[in-house]
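The values are calculated or read from the model by the stated rules, or taken from the named source; none is laboratory data. Worth saying up front: this structure is predicted, and the values here are computed from it rather than measured. With ideal geometry, Cβ positions are generated from the backbone for all residues, glycine too; neighbour counts draw on all protein chains shown. SASA here: full protein model, heavy atoms, side chains in, ligands and nucleic acids out. Shrake-Rupley method; radii C 1.70, N 1.55, O 1.52, S 1.80 Å.
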Amino acid sequence: MTNPMYEALFAPLADNPRPFLTLADGTGVSAAAFHDQVARFSHALLACGLQAGDRVAVQASKSPQMLALYGAAVTTGIVFLPLNTAYTPDELEYFVSDCGARLLLVDPGRIDALAPLTGRLGIALESLGPGGSFDAMAAGQSAGITPTARDENDLAALLYTSGTTGRSKGAMLSQRNLLSNAETLVTLWQFTERDVLLHALPIFHTHGLFVASNVILRAGAQMIFLPRFDLDQVFDVICNATAMMGVPTFYTRMLGDPRLSRETVGHIRLFISGSAPLLAETHVQWSERTGHAILERYGMTETNMLTSNPYDGARRPGTVGHPLPGVSLRIADPVTGVELPQGETGMIDVKGPNVFQGYWQMPEKTAEEFRSDGYFMTGDLGMIDDQGYVNIVGRAKDLIISGGYNVYPKEVELALDEMPGVLESAVIGLPHPDFGEAVVAVLVPTDDGPEEAQILQVLSAKLARYKQPKAFIILPELPRNTMGKVQKAELRRTYRDYFRDMSARGVSSSA
Ligand code: MLC
Ligand code: AMP
């Protein structure tokens with residue numbers, strides 16, 4: 001028995017002097033040097049007492065070290081749990097305790113702040129990155145490694161997704177889930193060792209970690225590895241890239257910049273967008289300005305990628321293309337699961353080697369989201385058009401996607417409702433020029449209810465910044481239907497132009 005993910009993604013880097021990563025300051029990391037780091041980190045993880053199947057959680061800045069830690073987890077069979085750097089200590093506590101992490105790795109500057117939490121939970125705490133204690137521990141280790149044997153159904157990663165009830169669920173992803181998807185995407189998008197991907201996404205989510213990094217590793221290609229999406233950096237280095245993957249905000253921000261032209265991106269082979277809907281208008285503007293048709297694809301944490309517009313063939317604006325080879329996708333009646341005739345709108349149900357193993361220690365939740373015939377209900381509403389392209393037309397789940405990050409309104413409403421002076425709240429997503437959708441809280445306060453600034457102050461201790469409302473709307477009462485249910489659709493309709501009107505008035509809506 002071998003370790004399929006290690007063999008396919010990391011083993012080919014060993015002793016290979018070719019370039020692998022180019023960092024923002026222009027320095028490079030060769031494939032061989034990266035593999036050495038993976039091996040040293042693997043020994044360090046084992047030296048910390050972790051074994052295959054244990055969980056290592058990491059909340060750290062994007063860096064080659066963070067990517068090498070992922071490689072080390074794969075190599076040793078330790079389950080990798082990356083966490084959004086925006087999570088507050090409160091949020092972090094839930095994740096690390098729920099998954100029973102043995103070790104938490106953070107940036108060196110955060111050790112003192114988090115030591116009480118890990119001490120209380122009995123979890124080891126080390127720091128990762130330049131000057132980090134974990135790096136120091138790894139420095140003395142061997143650069144040779146025998147990977148831990150793994151079955152393709154063994155878990156490789158645990159990624160938490162928020163839940164409609166407010167409680168986040170850990171999606172269990174096996175080696176097969178991740179590897180099968182990477183292999184499909186490499187072939188479909190024609191990635192080869194000649195590619196250089198401009199990587200400006202975070203690596204704590206599916207898009208930046210599994211779609212981008214796994215595809216590049218599998219193709220034997222290279223990445224320009226930027227710490228975050230920064231327009232100046234992007235335009236500085238794009239001349240050296242052959243492909244870019246991004247959320248729609250990347251594309252709208254680039255369109256707003258005079259540096260974007262046919263010349264600046266003429267040599268790029270492929271632009272890919274996903275994680276949130278790319279407006280057809282953005283697709284069209286991009287084509288007009290650059291001559292490139294963005295390839296839009298669709299996926300989710302639980303399933304990796306599900307559909308893609310074609311590499312060769314029409315990439316149709318406003319659609320997410322065809323199901324990937326090996327993925328069965330049907331449009332079903334949301335309640336019965338019966339497949340609907342072509343052209344009708346229903347729940348997008350999927351099945352395939354990419355679909356996750358279930359939610360960590362939540363068998364009931366897992367059962368609720370699978371049909372009896374094994375299809376997973378995505379919670380997205382879709383329609384397949386007469387040319388076989390999947391169109392996402394809405395969501396059955398109460399979810400906001402802001403700049404590619406998911407925000408579950410329930411989680412924000414719970415935090416608001418427990419505040420003195422807030423009688424009730426409804427959190428909705430409204431169209432936003434930069435983030436696609438933005439979180440807005442509709443509040444019913446008491447007469448002496450809290451000011452906006454006070455609310456934000458309380459929320460910032462509990463919720464990551466991107467989950468905090470970008471605007472507050474105060475109402476005497478929330479609209480309800482005859483059953484007493486808050487009519488969010490009506491609120492979304494009423495305030496649909498809120499941010500457009502705001503920018504027309506010259507008011508900033510970025511925070
Ligand atoms: C940052 N902020 C956000 C935000 N990102 N608010 C709402 N939504 C977001 N996505 C906050 C900041 O904290 C800041 O608050 C203020 O908004 C403005 O920040 P900014 O400097 O303009 O933001 P920036 O750092 O440039 O980040 C924007 C972004 C980033 C779009 C580049 O959010 C990003 O990289 N998103 C990608 C998310 C992603 O990878 N999703 C994939 C999930 S996987 P303040 O208070 O400081 O002013 C998945 C499956 C699939 O969905 O199909 O791929
Ligand atoms: P996440 O849980 O962060 O993985 O988010 C997954 C969700 O993002 C999906 O269920 C969709 O609602 C949404 N999504 C991903 N890609 C697209 C896309 N191209 N168009 C529309 N929605 C998308």
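For segment 129-137, the Karplus equation 6.51 cos²θ - 1.76 cosθ + 1.60, evaluated at θ = phi - 60°, returns couplings of x, x, x, x, 5, 5, 4, 5, 5 Hz by residue, with Gly and Pro reported as x.
Converting phi to 3J(HN,Hα) with the Karplus coefficients 6.51, -1.76 and 1.60 and the offset θ = phi - 60°, segment 99-114 yields 8, x, 4, 8, 9, 10, 10, 9, 5, x, x, 10, 4, 4, 5, 9 Hz in sequence order, with x at every glycine or proline. Counting heavy atoms of the protein chains alone, ARG289 has an accessible area of about 80 Å² for a 1.4 Å probe. Between THR2 and ASP15, the modelled label-to-label distance comes to 1.5 nm, taking each label 7 Å out from Cα in the direction of the beta carbon.
Counting only helical runs of four or more DSSP H residues, what would the 222 nm mean residue ellipticity of the chain come to if each run contributes -39,500 (n - 2.57) and the total is spread over all its residues? Could the numbers behind the result be given before it?
Numbers: 16 runs with 150 residues, N = 511.
Helix-only estimate at 222 nm: -8500 deg cm²/dmol.
Treating only the Cβ of Lys, Arg, Asp and Glu as charged (+1, +1, -1, -1), what charge dipole size does segment 4-150 show about its Cα centre? Round to the nearest 20 debye. Don't skip to the answer; put the middle values down first.
On the way: 8 positive and 13 negative charges, 50 e Å.
Its charge dipole is roughly 240 debye.
With all protein chains present, calculate the accessible area of LEU260 using a 1.4 Å probe and round the result to the nearest 10 Å². Roughly 0 Å² of LEU260 is accessible to a 1.4 Å probe.
Among the protein heavy atoms, those of SER402 account for about 10 Å² of accessible surface (1.4 Å probe, every chain in place).
Dividing the Cα radius of gyration by the Kirkwood radius, what Rg/Rh value follows for segment 343-418? Walk me through the intermediate numbers first.
Details: Rg = 15.0 Å, Rh = 14.6 Å.
Rounded to two decimals, Rg/Rh equals 1.03.
Counting every C-alpha pair in segment 400-504, the share spaced more than 18 angstrom apart comes to 46%.
Using a 1.4 angstrom probe on the protein heavy atoms only, could you order CYS48, CYS99, CYS239 from most to least accessible area? Mind dumping the intermediate values first?
Values: CYS48 35, CYS99 0, CYS239 80 Å².
The residues order as CYS239, CYS48, CYS99, largest area first.
Along segment 15-31 the Karplus relation, 6.51 cos²θ - 1.76 cosθ + 1.60 evaluated at θ = phi - 60°, assigns HN-Hα couplings of 6, 9, x, 5, x, 10, 10, 10, 8, 4, 7, x, 6, x, 10, 6, 4 Hz to successive residues, with x for each Gly and Pro. Here the extension length gained between SER142 and THR264 equals 39.6 nm, from 0.36 nm per residue of separation less the Cα-Cα distance. With semi-axes defined as the square roots of five times the eigenvalues of the C-alpha gyration tensor, the equivalent ellipsoid of segment 99-142 measures 20, 13, 7 Å, largest first.
Pairs LYS351/LYS485; LYS351/LYS467; LYS62/LYS470; LYS169/LYS397; LYS62/LYS410: which are spaced more than 23 Å apart, C-alpha to C-alpha? Could you put the intermediate results ahead of the total?
Details: LYS351/LYS485 33 Å; LYS351/LYS467 30 Å; LYS62/LYS470 26 Å; LYS169/LYS397 15 Å; LYS62/LYS410 29 Å.
Pairs exceeding 23 Å: LYS351/LYS485; LYS351/LYS467; LYS62/LYS470; LYS62/LYS410.
In this structure, the amide hydrogen of PHE191, modeled 1.01 Å from its nitrogen in the peptide plane, lies closer than 5 angstrom to no residue at least 5 positions away or on a different chain. Model label points for ASP90 and LYS397, set 7 angstrom from Cα along the Cα-to-Cβ axis, are 2.2 nm apart.
Could you tell me what a quarter of the Cα convex hull surface of the chain works out to, in nm² with one decimal place? Don't skip to the answer; put the middle values down first.
Working: hull surface 97.7 nm².
Approximately 24.4 nm², given one-decimal rounding.
Relative to the compact-globule estimate of 2.2 N^0.38 Å, the Cα radius of gyration of segment 52-154 comes out at 1.06.
Proximity of backbone amide H atoms, modeled 1.01 Å from N, is registered between ILE224 and THR22, LEU197, LEU198, HIS199 at under 5 Å, excluding neighbours fewer than 5 places apart on the same chain. Between GLN361 and ASP25, the modelled labels are 4.1 nm apart [label points 7 Å from Cα along Cα→Cβ].
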